[in-house]
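Below is one structure, written out as structure tokens; comments come after it.
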Amino acid sequence: MNKLLATLIAGFFASASYAQPATTTTAPAGADKSVTKAAANEAKVDAKADAKVGKAEAKAAEKKADAHADAMKDKSKAHANVTKADPEDKMKAEAKADKTVAKADAKAAKTSAKADEKTDKVKAEAKADKTEAAAKTKAANAEAKADMKASTAK
């Protein structure tokens, strides 16, 4: 263990002694500021977009749960009517209950689809916002690099 530790430490010092000194170039103050501002703006836009998506997903989940609960309520009422029906009207009541169940399922599926559609729309808008912010940051970085090259060429 000691030999291993000694080897690692010796390797560290050896690599440190061969390391090239970093050449420091100072970028113009405005370039650093614009890059920092663009990065902060991108982070802000990303956070807002993620919050919008989270809010939309929560709202969609709530709508889906409400639709499912309404469908279950309608189904239970239909089945309760079947059990209350007279023996000679039982077949007719079951047929009516089956229709009610099908309508309730269709309504719940339609509501879920609409909620998913809205969520997908919000996700697409958020992705567009993030992409736009990333492009602005990339442009600011490129501009800063160009400014730095120009300042070092002088």
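The values are calculated or read from the model by the stated rules, or taken from the named source; none is laboratory data. Everything numeric in this text was worked out from a predicted model, so none of it was measured. A quick note on method: Cβ atoms are made from the backbone with ideal geometry, for glycine too, and the neighbour counts reach across all protein chains shown.
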Single unsatisfied condition, A128 versus (1) exposed (fewer than 13 other Cβ atoms within 10 Å of the Cβ); (2) closer than 30 Å to H79 by Cβ:
(2)
Quick count over the range 91-117, residues being surrounded by 15 or more Cβ atoms within 10 Å (Cβ to Cβ) and basic (K, R), is 1
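Only one of K114, K96 is within 19 Å of A56 (Cβ to Cβ) and either more than 16 Å from the chain's Cα centre (by Cα) or in contact (Cβ under 8 Å) with a residue 12 or more places away in the chain (or both). Can you tell me which?
K114 is the lone residue from the list that is within 19 Å of A56 (Cβ to Cβ) and either more than 16 Å from the chain's Cα centre (by Cα) or in contact (Cβ under 8 Å) with a residue 12 or more places away in the chain (or both).
Among the listed residues A142, A150, A78, A134, identify the single one that is among the hydrophobic types (A, V, I, L, M, F, W, C), in contact with an Asp or Glu (Cβ under 9 Å, 6 or more places away or on another chain), closer than 30 Å to V35 by Cα and at pLDDT below 95.
Values: A142 fails: in contact with an Asp or Glu (Cβ under 9 Å, 6 or more places away or on another chain); A150 fails: in contact with an Asp or Glu (Cβ under 9 Å, 6 or more places away or on another chain); A78 fails: closer than 30 Å to V35 by Cα.
Result: A134 is the single residue among A142, A150, A78, A134 that is among the hydrophobic types (A, V, I, L, M, F, W, C), in contact with an Asp or Glu (Cβ under 9 Å, 6 or more places away or on another chain), closer than 30 Å to V35 by Cα and at pLDDT below 95.
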Are any of the residues in the range 71-82 free of Cβ contacts under 8 Å to residues at least 24 places away in the same chain, surrounded by 12 or more Cβ atoms within 10 Å (Cβ to Cβ) and not in a helix (DSSP H, G or I)?
no
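Of the residues A106, A38, A10, A31, only one is modelled with pLDDT of 95 or more and either of a type outside the set (A, V, I, L, M, F, W, C) or in a helix (DSSP H, G or I) (or both); which? Full working, then the answer.
On the way: A38 fails: modelled with pLDDT of 95 or more; A10 fails: modelled with pLDDT of 95 or more; A31 fails: modelled with pLDDT of 95 or more.
Result: A106 is the single residue among A106, A38, A10, A31 that is modelled with pLDDT of 95 or more and either of a type outside the set (A, V, I, L, M, F, W, C) or in a helix (DSSP H, G or I) (or both).
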